[in-house]
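The values are calculated or read from the model by the stated rules, or taken from the named source; none is laboratory data. These numbers come from a predicted model, not from an experiment. Cβ placement follows ideal geometry from the backbone for every residue including glycine, while neighbour counts extend to all protein chains displayed.
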Amino acid sequence: MNPLPADLPAAVKKAVSTHTGALDVPPVPWGELERRHRRTTLRRYGLGVISVLSVVGAVAAFGPGHDMLTKTAPPAGSPRYLQDHSLGRLANDPAWSAAMLRRAGRDAYVAPQRVLFADDIDGTRAALVRTRFGNESMDCWYSGPAGSVASAMKEEECDSPARVNRVLLGPTTADPRHATVLAVAASGARMTVWTNNDVGADGRIKSDVATGREVSPGVYAIHIAVPFPQVDLRLNELSGGDWRGPAYGTIPNPPRLTDAQWWARAAPGARGDANRTPPPGLAVQATYDRLGLRSDIPGARVLWVRRGSAATHSLLALRAPSGGWVLVATDSTPPVKAADGSTAYGSDIESVVTRPAGNPDQLAIAWWLTRPSPPGGPQPTTELGMVGPRNAVTARVTVAGTRAVTIPLQQGAGVADVPDAEHVIFLGRSGQALASTTVPEPWSWENGTLSHQI
Amino acid sequence: MTGPPDFRAFVDARWPALVRFAYALTADRGDAEDVVQQALERCWRRWRHVRVDGAEAYVRTTIARLVISRWRVRHVVETPLEGADRAGSAGPEETVVLHDALWRELADLPPRMRAVVMLRFVEDLSEAQTAALLGCSVGSVKSQASRGLARLRTRPELMSLADPLSHGGGGEQS
């Protein structure tokens, strides 16, 4: 029996059109868009403020509306619950809440509406305030030592109302060795955090993983030892919802990598263009931060550099604490002096792979130097960067699973325009295979992070 | 080559359509708005490179590729409220029930398979266009579309609701 007739695609189209057509689309969230754009621009170009980049970064905020069709009473901490209720002992103290709103009102750009959460958690007083930012809602965190008066609360991160409100609060005088990750989400969830990404000698990624506790219904907390490069947070809700993203806050940064420190590490021997100026230390530090890796591990190297008119492509080998390697392909724009005297430097991660411990000059990677453009975009660029063992003389590139092309290499490295490349084998002088690697999918989000590969 | 359209004007004009497009791909309103914002932010940075006649395709491509490469797309099963407004659902009750069931089953398809089904059968893109948009081969589109429809055909909830479909028109595209 054929259970469904042949017009299934038509039924799919009607079903989808019905649902998407009935969707009540909110106005363009210009405030949120501009905030994201500003943050990314800062991350890419703002070395004047790069010391805070590791805790600012990009945000994967989830908009409201996830629970709109649920019939049951919303669990504490969920967005629907927070529409009508507040969480925490202090949020239900009218005098303190009023004072907190007055405090939030001192920040001229937001109009405070209501305290969503406020309480003392392990020596820290935290408050989450719903505000208006133009025509949009914005939830802002404030913090202080436990027992702080509202007027002394310090503003932390602001974000659009999210399914998961979270913040990273710095160490307190009572506990200077730990930071606190706080989240407000639907009660009954499981909170997990990852810090200190690492790669073992076998090339496998590992991290410090810890589970938070629900300190009161809908409120989650966890302590993590400082310093750490980045915190990734995950909440699995009873409803099946699964949220994952970084936690941000204004915590003190670990020591930053200076140019002198980095260049001393990078060592000579990089392959590629003759003028092999390595990326500045701060840009490399930002790369470590984005990958959630400690930057104080010796052994990092610049394996290859290619200077272009618009960007410099670099391949970095960063040694992880447990001895494995993280190969990071980056492209970066030339440094420029900003009006305030700071140096601006843009850098993007194009690809990240991990490799087992060993001689970095024997590692192999292939990546798209500039990702192929979508239809309607700029001219597609399909240049493939290939860096393998230093004694490799050619690369055999498999294309679309059907044919192979051979590319000459210099010192085991090369660039070629090879659309649809899938696999690269590095060959020695007598044709023997020295190493091989797959080519990542273009435009794959996972290419640029370690956390997504854990 | 014509210059890029004003980014703000483009977003103001196309935001609802882009959110609906992303909603079809994600089956989750919150995720849809989030991924459109991500896509627009990325495109904003590169806007000066966008051709005026290619802006929408550029943004939609970015949305689709973000959707299929997201870390993990939440699959939310929506529970319609009793008596909820179904103004957009014309037709007999059985068809409404079928559409709701189809929507839920589509939401359960893996992200890449769901994207292929949506682009092929909802957006009416050709296999080549779908492949170009998702950055994969035509063969992959063929296989994902075929497997997606096959999965829908074998879902128990849809099998039990098969009758209303027998009155519909149209045929499967190859």
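Quick rundown of the values:
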{"read-out": "Failed condition for A:E32, given (1) at pLDDT 75 or above; (2) more than 18 Å from the chain's Cα centre (by Cα)", "value": "(2)"}
{"read-out": "Condition met for A:A186 (within 14 Å of chain B (Cβ to nearest Cβ), under 17 Å from A:L87 (Cβ atoms), touching a residue at least 60 places away in the same chain (Cβ under 8 Å) and among the small types (G, A, S))", "value": "yes"}
{"read-out": "Check on A:D107, in a loop (DSSP other than H, G, I, E, B) and at pLDDT 50 or above", "value": "yes"}
{"read-out": "Single condition A:S151 does not satisfy, out of (1) in contact with a strand residue (DSSP E or B) (Cβ under 9 Å, 6 or more places away or on another chain); (2) at pLDDT 90 or above", "value": "(1)"}
{"read-out": "Top-ranked residue in segment B:142-174 [being among the hydrophobic types (A, V, I, L, M, F, W, C) and modelled with pLDDT under 80; ranked as surrounded by the fewest Cβ atoms within 10 Å (Cβ to Cβ)]", "value": "B:M159"}
{"read-out": "Cβ pairs under 9 Å, 6+ apart, first in segment A:223-234 and without any contact (Cβ under 8 Å) to a residue 40 or more places away in the chain, second assigned to a loop (DSSP other than H, G, I, E, B)", "value": "A:P227/A:I251; A:P227/A:P252; A:P227/A:N253; A:P227/A:P254; A:P227/A:P255; A:P227/A:R294"}
{"read-out": "Members of segment B:32-44 that are facing chain A (nearest Cβ under 7 Å) and farther than 11 Å from B:V59 by Cα", "value": "B:E33, B:D34"}
{"read-out": "Matching entry among A:L291, A:L257, A:L282 (being modelled with pLDDT under 75 and under 24 Å from A:I224 (Cα atoms))", "value": "A:L257"}
{"read-out": "Positions within segment A:423-438 being surrounded by 15 or more Cβ atoms within 10 Å (Cβ to Cβ) and assigned to a loop (DSSP other than H, G, I, E, B), in sequence order", "value": "A:G428"}
{"read-out": "Residues of segment A:22-31 classified as out of contact with any Ser or Thr (no Cβ under 9 Å at 6 or more places or on another chain) and at the interface with chain B (Cβ under 7 Å from one of its Cβ atoms), total", "value": "3"}
{"read-out": "Single condition A:T382 does not satisfy, out of (1) at pLDDT 75 or above; (2) farther than 24 Å from A:A317 by Cβ", "value": "(1)"}
{"read-out": "Qualifying residue in segment B:111-126 (condition: at pLDDT below 80, of a type in the set (G, A, S) and not in a helix (DSSP H, G or I))", "value": "no"}
{"read-out": "Complete set of residues in segment A:1-21 that are at pLDDT below 70 and within 7 Å of chain B (Cβ to nearest Cβ)", "value": "A:P3, A:L4, A:P5, A:A6"}
{"read-out": "Lone qualifier among B:A64, B:A39 - being at pLDDT 75 or above, closer than 20 Å to A:V12 by Cα and assigned to a helix (DSSP H, G or I)", "value": "B:A64"}
{"read-out": "Residue check, A:T192 β-branched (V, I, T) and surrounded by fewer than 23 Cβ atoms within 10 Å (Cβ to Cβ)", "value": "yes"}
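Results for (1) part of a strand (DSSP E or B); (2) closer than 18 Å to A:R234 by Cα; (3) under 22 Å from the mean Cα position of the chain (by Cα); (4) modelled with pLDDT of 90 or more, shown as yes or no for each residue.
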| position | (1), (2), (3), (4) |
| --- | --- |
| A:S137 | yes, no, no, no |
| A:R163 | no, yes, yes, no |
| A:P171 | no, no, no, no |
| A:V181 | yes, yes, yes, yes |
| A:M191 | yes, yes, yes, yes |
